[in-house]
Amino acid sequence: MRRITLKKTFSLLFLLNSILLSAQDFKVDGIYYNIISAEDKTVEVTHHKDALSKPDKRYRGAVTIPSTVTRKKKSYNVVGIGDSAFEGCSEVTSVVVSEGVINIDNNAFSNCSALTDIRIPASVKEIGETAFGGCLSLDAVYIDNLSAWCNIDFALLGSPLLQTVNLYLKDKILTEVVIPDDITEIADFAFYGCSSITSIVVPEGVTSIGTGAFSHCTGLVSIVIPEGVQLSSGAIKGCDNLKTIQCGDKILTPEDIDAKSGEVVYQVVEQQPEFPGGMQALMKYLRDNMNYPGVCKKNKIQGKTFVHFIVGSDGVIRDVEVQRSSGDVYLDKEAVRVVKSMPKWNPGRQDGKAVAVEFTLPIVFRLK
């Protein structure tokens, strides 16, 4: 139901958009081009100037976008697919984008409602906003280079995978994904919604996994990530069948991934987080900053509150809550307040890397 709802929403939005019109510079073999740079001899694919009012001027059928095009004995490199180039071309059924194209711009294929498959080359670096919005029949996205795919800069709702669940690598559907060793960052939404993926292995060189990178991969069962890797918020959201996350030698579950920061949160690490200056400095901070509740003083109420919190990999204290109450609400509130007011700690470390760590601190209230 989720994907159907997304498609309907996108379709309604995109049908409200008008096709952006600009006079094309020339036409070769049924494809219109604008010259980007006469000096560099580069062009981008565009549309006929009357495409909005004359359906017969729109693209249709199977389209192959070439790497180069020749006009009047001049050869041009095709480096982009311009804004709204194919928007509303409801009779386009498939598209092959040849090597050399760098940009697929905003709304490039939006509302190509009959488009079933597209091949995207390794040369593509950016895909613009809603580039494939409303492509309700899109069933397959073909790529030849996994490293290039991981590095694409997807703009808002730019990934074609928002419309389909099938990503093919060299004509074979992706199931067991091993991220190449040359990748250091996995782009936002890189594998969003690929339900065919069952496992993912992320190599040691990767330091960050983008927002939504694996979200809604409903077939995903296991994932291996480097210890200390930073997971952006929502990276595994909607992976309903994900059972295990192997992080170094540690086996985690999705519940072990902090929902707010996306970090892996450790319970035990080689080097525990520490208040600046150590335990003595912590005790002094508590003595200097804790305000004994007046009502508790008056009624001679004492107690001990156990406060649980997370020391982030940046040392910032977050997610402060009472783990075990003192039995008095005023004492508990003061314990939480004083912990929240603490300065940054020295973060915990595992294998030399700063990581997020759970911490429980007993706060003692004793009248002299």
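With respect to the conditions (1) surrounded by fewer than 17 Cβ atoms within 10 Å (Cβ to Cβ); (2) among the acidic types (Asp, Glu); (3) farther than 27 Å from residue 248 by Cβ, residue 314 lacks only one, and its number is (3). For residue 193, are the conditions met, namely being buried (at least 17 other Cβ atoms within 10 Å of the Cβ), touching a Cys at 6+ places or on another chain (Cβ under 8 Å) and touching a residue at least 60 places away in the same chain (Cβ under 8 Å)? Spelling it out, residue 193 is indeed buried (at least 17 other Cβ atoms within 10 Å of the Cβ), touching a Cys at 6+ places or on another chain (Cβ under 8 Å) and touching a residue at least 60 places away in the same chain (Cβ under 8 Å). Summed over segment 149-187, the residues that are out of contact with any helix residue (DSSP H, G or I) (no Cβ under 8 Å at 6 or more places or on another chain), surrounded by 17 or more Cβ atoms within 10 Å (Cβ to Cβ) and under 13 Å from residue 125 (Cα atoms) give a count of 8.
What residue, among those in segment 37-59 that are at pLDDT below 95 and among the hydrophobic types (A, V, I, L, M, F, W, C), is surrounded by the fewest Cβ atoms within 10 Å (Cβ to Cβ)? Checking each candidate, the answer is 38. Report whether or not residue 70 is closer than 23 Å to residue 120 by Cβ, among the polar types (S, T, N, Q) and at pLDDT 95 or above. No, not satisfied.
The condition (being of a type in the set (Asp, Glu) and under 20 Å from residue 99 (Cα atoms)) is satisfied by just one residue among 153, 181: 153.
Where residues in segment 304-316 are part of a strand (DSSP E or B) and in contact (Cβ under 8 Å) with a residue 60 or more places away in the chain, which of them is nearest to the chain's Cα centre (by Cα)?
We begin by selecting, within segment 304-316, every residue part of a strand (DSSP E or B); these are 304-311.
Still in the list and also in contact (Cβ under 8 Å) with a residue 60 or more places away in the chain: 304-305.
Values: 304: 42, 305: 39 Å.
Among them, the one singled out is 305.
Filtering segment 153-190 to residues that are farther than 17 Å from residue 118 by Cβ and aromatic (Phe, Trp, Tyr) leaves nothing.
Can you name every residue in segment 338-368 that is in a loop (DSSP other than H, G, I, E, B) and of a type in the set (D, E, K, R)? So that I can check it myself, show each step before the final result.
The initial filter retains those residues of segment 338-368 that are in a loop (DSSP other than H, G, I, E, B), namely 341-345, 347, 351-352, 366-368.
Result: 344, 351, 366, 368.
Is there a residue being modelled with pLDDT of 85 or more and crowded, with 17+ Cβ neighbours inside 10 Å anywhere in segment 13-31? Show your work before the answer.
Taking segment 13-31 and keeping what is modelled with pLDDT of 85 or more, we get 25-31.
Imposing the further condition that a residue be crowded, with 17+ Cβ neighbours inside 10 Å reduces the set to 31.
For segment 13-31, residues modelled with pLDDT of 85 or more and crowded, with 17+ Cβ neighbours inside 10 Å: present.
Selection of first residues in segment 268-280 that are touching a residue at least 24 places away in the same chain (Cβ under 8 Å) and of second residues that are not in a strand (DSSP E or B), restricted to Cβ pairs under 6 Å at least 6 apart or on distinct chains, gives the following pairs, ordered by first then second residue: 273/345; 273/347; 275/281; 275/282; 275/345. Going by the structure shown, is residue 325 outside the structural domain of residue 228 (by TED's automatic domain parsing), in contact (Cβ under 8 Å) with a residue 24 or more places away in the chain and either out of contact with any Cys (no Cβ under 9 Å at 6 or more places or on another chain) or crowded, with 17+ Cβ neighbours inside 10 Å (or both)? No, not satisfied.
The one condition from (1) surrounded by fewer than 23 Cβ atoms within 10 Å (Cβ to Cβ); (2) on the phi < 0 side of the Ramachandran plot; (3) at pLDDT 95 or above that residue 104 does not meet is (1). Residues that are in contact with a strand residue (DSSP E or B) (Cβ under 6 Å, 6 or more places away or on another chain) and surrounded by fewer than 17 Cβ atoms within 10 Å (Cβ to Cβ) within segment 266-301 comprise 267, 270, 271, 272, listed in sequence order.
Give the residue that is modelled with the lowest pLDDT, with candidates limited to residues of segment 299-331 that are closer than 22 Å to residue 276 by Cβ and of a type in the set (D, E, K, R). Ranking the candidates gives 319 first.
The values are calculated or read from the model by the stated rules, or taken from the named source; none is laboratory data. Quantities reported herein were computed from a predicted structural model and do not represent experimental measurements. Positions of Cβ are backbone-derived with ideal geometry, glycine not excepted, and every protein chain shown enters the neighbour counts.
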